[in-house]
Amino acid sequence: MCDWIVVPRPLAEKTHQATGLFASCLLPGRGKPLRNQAVISEKGKIVYVGACTSIPAEYAKVDLQHVPVLMPGMWECHAHFFGASPKRPIDMQNMALGNPIEAGARNARALKDTLYAGFTSCVDLGGYAPELQNVIDEGLLLGPTLYGAGAAISMTGGHGDVFEVSYASARQRLSVNAPGADAGMSGVILADGLEECRKAVRLNLRRRAKIIKVLTSGGITSRDDDPMLQQFSDEELETIVSEASRMGLVCAAHAVGKAGILAAIRAGFKVIEHDSFGDDEVYEEMKKHDVMLVATITPIRSILDNEDKYPREMFEKAKVVAQAHLKAYKDAIKAGVKCAIGSDLFGGIGTVLSPGLNGGEVVYAVEAGMTPLKAIEAATANGPESLGRQGPKSGQIRVGYDADFIALSQNPLDDMEVLRSPKNITHIWKSGKLVKAPGLDPWEALDR
């Protein structure tokens with residue numbers, strides 16, 4: 001582990017528009033911990049990492065703020081900024097059919113809570129991320145950098161359908177052929193047949209999607225479908241991948257059962273979400289085709305630990321899936337499948353699946369068999385790789401990478417539970433700008 005040794009260095013008058021940090025322990029994201037490292041960023045990018053004695057002359061007068069432990073801002077690779085209501089059941093109707101204006105207001109809090117948990121980048125796999133990122137870019141909201149899928153693509157009667165309402169009501173809001181501005185503007189879109197599948201991808205492109213999310217199996221949060229069965233035909237899945245690939249986007253599959261997982265791999269998907277019933281055959285195919293895994297243990301644990309907070313159908317499905325899901329994650333890690341971290345927090349603010357609880361997923365990765373250092377790599381350096389060519393240079397403390405950092409009160413390599421609680425994330429810099437610190441008001445952080 002790292003020793004916390006401070007090398008004294010006189011502070012000069014600040015004459016440079018750069019951010020300087022000195023870390024007793026630096027966790028670079030990929031690679032071994034480093035001791036006593038200076039990190040300097042300018043214009044949102046890292047320009048120097050190394051010993052204090054070797055700082056380039058042009059940055060010699062940059063003040064260095066000391067932190068005990070510094071690591072890259074983490075990547076949440078399975079977020080949902082639906083803006084679900086905390087007063088309604090945690091189900092698909094709440095997620096997909098809520099009032100979008102109310103959702104936007106709730107998401108303002110969800111974004112801040114996610115950022116303050118140490119996650120400076122989020123891959124949103126069904127929600128309002130493309131529109132929220134516009135407001136973040138305007139400097140009016142405090143939150144992570146969002147890489148949104150727009151609407152997750154579901155077949156009619158699939159995991160994204162809302163069985164609690166009539167078919168006509170669901171189609172009115174969620175269909176690719178919904179009237180007016182509604183088409184494609186929810187967290188879910190229903191598509192059937194090759195042409196509707198192609199159109200669903202294009203509607204998400206209009207929302208500036210950075211990844212395409214498809215529901216290739218049934219799920220736990222949907223009332224009436226079977227997680228073990230494949231959803232969409234092979235031809236429909238191939239059409240979606242072809243259309244997305246032509247536009248430079250990778251596809252991520254919600255896939256619980258083996259049939260849906262293998263169908264996604266055959267079609268050319270590059271990320272599997274959940275993987276509750278994967279086995280040796282699945283993991284060989286994933287490695288052969290360079291497919292990543294985002295396992296999302298958090299919802300399963302939450303449902304089992306909070307039976308009274310979820311609909312009965314959801315709890316019963318979770319009981320069937322839970323043991324297999326954890327075994328599959330352990331087997332995937334043992335097989336050498338590349339993993340990123342995603343918590344799938346789809347609940348409302350203050351619920352048992354509230355944004356801000358993201359750090360627990362990193363703890364679960366270690367419980368499943370990752371070393372603490374590998375879990376940190378999964379939560380940082382591996383994250384942008386889940387986006388394919390859309391992925392930025394992020395998740396590592398290296399020259400040329402995004403200046404997204406978090407400082408911690410304790411070393412997570414000594415106790416990964418440190419990452420579970422946002423209070424242990426003492427400081428956060430996003431694009432080199434301080435956005436969380438003791439005594440710093442969130443609204444003031446927007447004006448810095």
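The values are calculated or read from the model by the stated rules, or taken from the named source; none is laboratory data. All figures in this text were calculated on a predicted structure; none of them were measured in a lab. All Cβ positions, even for glycine, are placed from backbone atoms using ideal geometry, and neighbour counts span all protein chains on display.
For beta carbons closer than 8 Å, sequence separation of 6+ or different chains, a first residue in segment 323-336 that is in the same structural domain as K287 (by TED's automatic domain parsing) and a second that is at pLDDT below 95 and part of a helix (DSSP H, G or I), the qualifying pairs are H325/I300; L326/I300.
Taking V201, is it surrounded by 19 or more Cβ atoms within 10 Å (Cβ to Cβ) and not in a helix (DSSP H, G or I)? Here the answer is no, as V201 does not meet what is asked.
Just checking, which of F405, F346 is modelled with pLDDT of 95 or more and either in contact with a strand residue (DSSP E or B) (Cβ under 7 Å, 6 or more places away or on another chain) or closer than 17 Å to T114 by Cβ (or both)?
On the way: F346 fails: modelled with pLDDT of 95 or more.
Every option except F405 fails the conditions.
Residues in segment 337-365 that are among the aliphatic types (A, V, I, L, M), assigned to a loop (DSSP other than H, G, I, E, B) and either touching a Gly at 6+ places or on another chain (Cβ under 8 Å) or farther than 13 Å from N306 by Cβ (or both): how many? Full working, then the answer.
Quick first cut of segment 337-365, residues among the aliphatic types (A, V, I, L, M) only: 337, 340-341, 345, 349, 352-353, 357, 362-363, 365.
Within this subset, residues satisfying the condition of being assigned to a loop (DSSP other than H, G, I, E, B) are 337, 341, 345, 349, 352-353, 357.
Among the residues that remain, those that are also either touching a Gly at 6+ places or on another chain (Cβ under 8 Å) or farther than 13 Å from N306 by Cβ (or both) are: 337, 341, 345, 349, 353.
Result for segment 337-365: 5.
The helices (runs of 4 or more DSSP H) located wholly in segment 92-188 that include 3 or more residues which are surrounded by fewer than 21 Cβ atoms within 10 Å (Cβ to Cβ) occupy 100-116, 129-137, 167-174. If you check C25 against the conditions, is it modelled with pLDDT of 95 or more and closer than 20 Å to H427 by Cα? Criteria met by C25.
Cβ-Cβ contacts under 7 Å between residues 6 or more apart (or on different chains), taken from a first residue in segment 33-59 that is over 18 Å from W429 (Cβ atoms) and free of Cβ contacts under 8 Å to residues at least 40 places away in the same chain to a second residue that is surrounded by fewer than 18 Cβ atoms within 10 Å (Cβ to Cβ) and among the β-branched types (V, I, T), are listed as R35/I5; N36/I5; N36/V7. Annotation note: Cβ proximity below 7 Å between a residue of segment 243-264 that is assigned by TED's automatic domain parsing to the domain that holds T221 and closer than 12 Å to M228 by Cβ and a residue that is in a loop (DSSP other than H, G, I, E, B) and of a type in the set (A, V, I, L, M, F, W, C) (sequence gap 6+ or interchain) occurs for V256/F277; G257/M228; G257/L229; G257/F277; K258/F277; A259/M228; A259/L229.
Restricting attention to segment 326-344, and to residues there that are of a type outside the set (G, A, S) and surrounded by 24 or more Cβ atoms within 10 Å (Cβ to Cβ), which single residue is nearest to V282 (Cα to Cα)? Before the answer, list the steps.
Pass one, segment 326-344, residues of a type outside the set (G, A, S): 326-327, 329-331, 333-334, 337-339, 341, 344.
If we keep only those that are surrounded by 24 or more Cβ atoms within 10 Å (Cβ to Cβ) as well, we get 329, 339, 341, 344.
Working: Y329: 12, C339: 14, I341: 19, D344: 22 Å.
Step by step, filter segment 326-344, then rank; the result is Y329.
The selection criterion, being of a type in the set (K, R) and in a helix (DSSP H, G or I), does not hold for R398.
Taking segment 408-438 only, how many residues are of a type outside the set (S, T, Y) and under 22 Å from L141 (Cα atoms)?
Narrowing segment 408-438 to residues of a type outside the set (S, T, Y): 408, 410-420, 422-425, 427-430, 432-438.
With under 22 Å from L141 (Cα atoms) added as a condition, the list becomes 422-423, 425, 427-430, 432-438.
Looking only at that region, the number is 14.
When each of V67, V62 is tested for being outside any helix (DSSP H, G or I), among the aliphatic types (A, V, I, L, M), in contact with a strand residue (DSSP E or B) (Cβ under 9 Å, 6 or more places away or on another chain) and more than 26 Å from L413 (Cα to Cα), the lone residue that passes is V62. Determine, yes or no, whether L293 is in a loop (DSSP other than H, G, I, E, B) and among the aliphatic types (A, V, I, L, M). Spelling it out, it is not the case that L293 is in a loop (DSSP other than H, G, I, E, B) and among the aliphatic types (A, V, I, L, M). One residue is enough: does segment 81-92 have a residue meeting the conditions out of contact with any helix residue (DSSP H, G or I) (no Cβ under 9 Å at 6 or more places or on another chain) and free of Cβ contacts under 8 Å to residues at least 40 places away in the same chain? Scanning segment 81-92, I find no residue that is out of contact with any helix residue (DSSP H, G or I) (no Cβ under 9 Å at 6 or more places or on another chain) and free of Cβ contacts under 8 Å to residues at least 40 places away in the same chain, so the answer is no.
Which ones in segment 395-405 are out of contact with any Ser or Thr (no Cβ under 7 Å at 6 or more places or on another chain) and surrounded by 19 or more Cβ atoms within 10 Å (Cβ to Cβ)? Lay out the reasoning, then the answer.
The initial filter retains those residues of segment 395-405 that are out of contact with any Ser or Thr (no Cβ under 7 Å at 6 or more places or on another chain), namely 397-400, 405.
The answer is I397, F405.
Which members of segment 33-56 meet the condition of being under 11 Å from A23 (Cβ atoms) and of a type in the set (K, R)? Hit for segment 33-56 is R35, nothing else.
Within segment 259-266, is even one residue in contact with a Cys (Cβ under 6 Å, 6 or more places away or on another chain) and of a type outside the set (D, E, K, R)?
First, the residues of segment 259-266 that are in contact with a Cys (Cβ under 6 Å, 6 or more places away or on another chain): none.
Within segment 259-266, none of the residues are in contact with a Cys (Cβ under 6 Å, 6 or more places away or on another chain) and of a type outside the set (D, E, K, R).
Can D275 be described as surrounded by fewer than 24 Cβ atoms within 10 Å (Cβ to Cβ) and assigned by TED's automatic domain parsing to the domain that holds R223? Judged against the criteria, D275 is not a match.
Filter segment 403-423 down to the residues that are without any contact (Cβ under 8 Å) to a residue 24 or more places away in the chain and either in contact with a Pro (Cβ under 7 Å, 6 or more places away or on another chain) or closer than 26 Å to Y48 by Cα (or both) and list them by number. Give the steps one after another, and end with the answer.
Quick first cut of segment 403-423, residues without any contact (Cβ under 8 Å) to a residue 24 or more places away in the chain only: 415, 418, 423.
Across segment 403-423, the qualifying residue is only V418.
Scanning segment 147-160 for residues that are in contact with a strand residue (DSSP E or B) (Cβ under 6 Å, 6 or more places away or on another chain) and closer than 22 Å to S217 by Cα returns G148, A149, A151, A152, I153, S154, T156, G158, H159, G160.
Residues are listed down the side, and each one gets a yes or a no for (1) surrounded by fewer than 21 Cβ atoms within 10 Å (Cβ to Cβ); (2) within 30 Å of L249 (Cα to Cα); (3) at pLDDT below 95:
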site: A365; (1), (2), (3): no, yes, no
site: N382; (1), (2), (3): no, yes, no
site: K393; (1), (2), (3): yes, yes, no
site: S409; (1), (2), (3): yes, no, yes
site: E417; (1), (2), (3): yes, no, no
site: R420; (1), (2), (3): yes, no, no
site: L434; (1), (2), (3): yes, no, no
site: W443; (1), (2), (3): yes, no, yes
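Of the residues making up segment 307-332, those that are in contact with a helix residue (DSSP H, G or I) (Cβ under 8 Å, 6 or more places away or on another chain) and farther than 25 Å from R223 by Cα are D331, A332.
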